[in-house]
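Right, one structure below, let's go through it.
FYI, it's all coordinate maths here, none of it is from the lab. Computed from a predicted model, the values in this text were never measured in an experiment. For neighbour counting, all protein chains shown are included, and Cβ atoms are generated from backbone atoms with ideal geometry for every residue, glycine included.
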Amino acid sequence: MCGGFTCSKNALIALNVLYVVVASILISVAVYGQASSVGGNLPIVGGILACGVFLILISLLGLAGAVKHHQVMLFFYMVILFLLFLVQFSVACACLAVNSDQQETIAQQGWKKVNKDVKEQVQERFQCCGFQSSIQPVNSTDDNPSCELVHKICCNNMHNVPNCKCEPCMEKLKETIDNAFKLCGGIGLFFSFTEFLGVWLTVRYRNQKDPRANPSAFL
């Protein structure tokens, strides 16, 4: 069993290196979730992104504390990491608990908040028109872009179909948004338990004596 001072030190250093990798994955997943969710107006996905950035900063503190066996650094690292575990665990559970109706409501709120240029980009990328209805004015309005171009793209190979229209954007985005929530929630939940492991390992390492140090200097 790995119970010595050197083994605990190396394990904590390796764990913090893993946290850097984990944080990079969380940031990448959150960016994907924002890009897939009508302009990135999903606060839950933003929480995953914030956790990823914060985890990188905390891992640097943990690396410094582990290398130096600094009692104060390790204490603050342990406390902050535990708080981050609670936040990330809660956010990940929230992502997994959102049902399809709630996803549609959140996406609709995001659609209303973004400007017309972003809506136009979404319509061109997913070849859709409007959010829940494809009945859009041909000319652009203050709130909604024109659907004339995307209708031509959608109906390019369907000349014989009367009143051909593109599907509403929600129909095209539904699967993408659902995948983004599940991906953010699953990865966040899995890696939140590694943070709990880090707290336990830090407590153990902090209470061990450095055999190379002066015993009277140990706090």
Please go through the residue pairs K112/K165; K113/K152; K9/K182 and name each one whose alpha carbons sit more than 25 Å apart in this structure.
-> K113/K152; K9/K182
Calculated FRET efficiency, K116 and K182, Cβ-Cβ r, R0 41 Å, to nearest 0.05?
-> 0.85
